[in-house]
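For reference, the structure is listed below as structure tokens.
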Amino acid sequence: MERQVGIGSAAAALEPYLKAKPEVTWADITYVKAGGLIEKIPLPGRVGGTLRGFLQSTAALRSGPYDALFFLTHNPAVLQQRALARTPTLLWTDVTPALLDAQADQYAHAVDKSRLARFAKQGLVKRTFQRAKLCVGWSEWARGSFIEHYGVPRERTAVVPPGIDLTRWRIPEDRARRGLPRLLFVGGDFERKGGKLLLKVFREHLRDKCELDVVTRDPLAEERGVKVHRGLMAGGAELLSLYSGASVFVLPTRGDCFSIASLEAMAMGLPVVVCDVGGISEIVEQSQTGYLIKPDDGGALREALESLIGDDERRLALGQRGRQRVEQHFNASSNANELLALLNQIARENRP
């Protein structure tokens, strides 16, 4: 299980359900070890993290043998080709390298300039996807890439989205009795997540109509109507409190693969305003649980927010439908069971 950023949130939601199963061996892939020898060596780029991840996954595989392997995401699997060849493997991921390269500008993601390097990496990733018994995307957007970009037969693909722990993320009982509406933005990468556009719209049109809470890791000064929160843990009590106190969740993201933050907001009964990028259109039902807008469209962002800020009943109705959608499609307990069922399926198919 990769434990980084949004991927880590998906792992954390599965953790209590999968660890409770006696047949499951759980291993975290953090790409770092405090005080480790590798971490003390000045290695270029991501070499140190890649090496640490390889050692972590190798240590987990040595405690086998296993009937099936599960990787979140494909990254730890790329350097474990022998394991993939020996044991039926399920890869579960939000994005493929091909899709990520298409958003390289938004992610400040460097695409290899060397054709030879690109060819080698693409070949290794393609082998990884093709060797896996089952490639499972968080969305149909990701599933389509397995087929189109990597030649995986459709029958060896599936979709299981990440889930939310609905015992922790709940609609607060007193939301209907709140005063001035509060907007909530949660995005570590402030610029990529559309924070600059949101601030512009807020300053020019919304400052006297609502307040804004910003959760980010980037430096940002507070101003009238804007409160900045840093260092909050994913799923922590402080973050839950902000979701509970919010009226609308807004994420005008310029580049994204999925949006667990939007799922968390919907689980808390919040209408969401988010950009239609990556697989996000498979989360939000337009005008039913929130609004999908185009990236960098300040006019659409203002219109969507003003329609919600000025209509208490509409906010509550969209929030209720959002909660129902998460219960039906993004429940961590149900989705953990679905992933386990797929693992058991590929394990059974491999037995003599």
Anything in region 44-71 that is surrounded by 13 or more Cβ atoms within 10 Å (Cβ to Cβ) and more than 27 Å from the chain's Cα centre (by Cα)? List them, or say none.
TYR66, ASP67
Working only within region 146-166, note down all residues that are small (Gly, Ala, Ser) and outside any loop (DSSP other than H, G, I, E, B).
ALA158
Could you please find all residues in region 131-147 being closer than 16 Å to GLY163 by Cα and touching a Leu at 6+ places or on another chain (Cβ under 7 Å)?
VAL136
Residues that are closer than 11 Å to VAL226 by Cβ and assigned to a strand (DSSP E or B), drawn from region 201-215
GLU211, LEU212, ASP213, VAL214
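Each row is one residue, and each column tells you yes or no for (1) out of contact with any strand residue (DSSP E or B) (no Cβ under 8 Å at 6 or more places or on another chain); (2) among the basic types (Lys, Arg); (3) free of Cβ contacts under 8 Å to residues at least 12 places away in the same chain; (4) farther than 18 Å from LEU242 by Cα.
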| site | (1), (2), (3), (4) |
| --- | --- |
| PRO162 | yes, no, no, yes |
| PRO172 | yes, no, no, no |
| GLY179 | yes, no, yes, no |
| GLY187 | no, no, no, no |
Here the qualifying pairs (Cβ atoms under 6 Å; residues six or more apart or on different chains; first in region 35-51 and within 26 Å of HIS74 (Cβ to Cβ); second part of a helix (DSSP H, G or I) and charged (D, E, K, R)) come out as ILE38/ARG52
If a residue must be assigned to a loop (DSSP other than H, G, I, E, B) and basic (Lys, Arg), how many such residues does region 19-35 contain?
2
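Considering every residue within region 244-255, establish whether at least one is touching a Phe, Trp or Tyr at 6+ places or on another chain (Cβ under 9 Å) and at pLDDT below 95. Break it down into steps so the answer makes sense when it comes.
Of region 244-255, the ones touching a Phe, Trp or Tyr at 6+ places or on another chain (Cβ under 9 Å) are 249-252, 255.
Adding the requirement that they be at pLDDT below 95 leaves 255.
Taking every residue of region 244-255 in turn, at least one turns out to be touching a Phe, Trp or Tyr at 6+ places or on another chain (Cβ under 9 Å) and at pLDDT below 95.
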Return the pairs, sorted by first residue and then second, in which the second residue is among the polar types (S, T, N, Q) and outside any loop (DSSP other than H, G, I, E, B), the first residue lies in region 141-158 and is farther than 16 Å from GLU282 by Cβ, the beta carbons are less than 8 Å apart, and the residues are 6+ apart or on different chains.
ILE147/THR157; TYR150/GLN130; GLY151/GLN130; VAL152/GLN130
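Of all helices (runs of 4 or more DSSP H) completely enclosed by region 238-352, which ones contain at least 2 residues that are among the charged types (D, E, K, R)?
Details: elements: 260-267, 298-309, 312-329, 332-350.
In region 238-352, the matching helices (runs of 4 or more DSSP H) lie at 298-309, 312-329, 332-350.
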Qualifying residue in region 16-25 (condition: surrounded by 12 or more Cβ atoms within 10 Å (Cβ to Cβ), farther than 20 Å from ASN344 by Cβ and not charged (D, E, K, R))
no
If you check PRO172, PRO76, which single one turns out to be touching a helix residue (DSSP H, G or I) at 6+ places or on another chain (Cβ under 6 Å) and outside any helix (DSSP H, G or I)?
PRO172
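Going by the conditions given, is ARG118 over 23 Å from VAL277 (Cβ atoms), free of Cβ contacts under 8 Å to residues at least 40 places away in the same chain, assigned by TED's automatic domain parsing to the domain that holds ASP312 and part of a helix (DSSP H, G or I)? Talk me through it step by step, then tell me what you get.
Values: over 23 Å from VAL277 (Cβ atoms): yes; free of Cβ contacts under 8 Å to residues at least 40 places away in the same chain: yes; assigned by TED's automatic domain parsing to the domain that holds ASP312: no; part of a helix (DSSP H, G or I): yes.
For ARG118, the condition - over 23 Å from VAL277 (Cβ atoms), free of Cβ contacts under 8 Å to residues at least 40 places away in the same chain, assigned by TED's automatic domain parsing to the domain that holds ASP312 and part of a helix (DSSP H, G or I) - is not met.
Return the only residue of LEU72, LEU91 being in contact with a strand residue (DSSP E or B) (Cβ under 9 Å, 6 or more places away or on another chain), under 18 Å from ILE346 (Cα atoms), in contact (Cβ under 8 Å) with a residue 60 or more places away in the chain and not basic (Lys, Arg).
None of the other options fit; the residue is LEU72.
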If THR50 satisfies all but one of (1) assigned to a loop (DSSP other than H, G, I, E, B); (2) among the hydroxyl-bearing types (Ser, Thr, Tyr); (3) over 30 Å from ASN344 (Cβ atoms), what's the number of the condition it fails?
(1)
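If a residue must be among the small types (Gly, Ala, Ser) and part of a loop (DSSP other than H, G, I, E, B), how many such residues does region 175-200 contain? Even if it seems obvious, please write down each step before you answer.
Step one: filter region 175-200 for residues among the small types (Gly, Ala, Ser), giving 176, 179, 187-188, 194-195.
Within this subset, residues satisfying the condition of being part of a loop (DSSP other than H, G, I, E, B) are 179, 187-188, 194.
Result for region 175-200: 4.
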Out of everything in region 79-108 that is in a loop (DSSP other than H, G, I, E, B) and touching a His at 6+ places or on another chain (Cβ under 8 Å), what residue ends up being surrounded by the fewest Cβ atoms within 10 Å (Cβ to Cβ)?
GLN103
Considering only residues that are surrounded by fewer than 19 Cβ atoms within 10 Å (Cβ to Cβ), within 30 Å of GLN328 (Cα to Cα) and touching an Asp or Glu at 6+ places or on another chain (Cβ under 9 Å), which ones fall in region 110-157?
GLU140
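Hey, can you tell me all the residues within region 210-238 that are basic (Lys, Arg) and out of contact with any strand residue (DSSP E or B) (no Cβ under 6 Å at 6 or more places or on another chain)? Write out each step before concluding.
Taking region 210-238 first, the residues basic (Lys, Arg) are 217, 224, 227, 230.
Residues satisfying the conditions are ARG217, ARG224, ARG230.
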Which numbered condition ILE38 fails, given (1) over 16 Å from the mean Cα position of the chain (by Cα); (2) closer than 28 Å to ASN335 by Cβ; (3) in a helix (DSSP H, G or I):
(2)
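The values are calculated or read from the model by the stated rules, or taken from the named source; none is laboratory data. Please read these numbers as outputs of a predicted model, since none were measured by experiment. Positions of Cβ are generated from backbone atoms using ideal geometry, with glycine treated the same way; all protein chains shown enter the neighbour counts.
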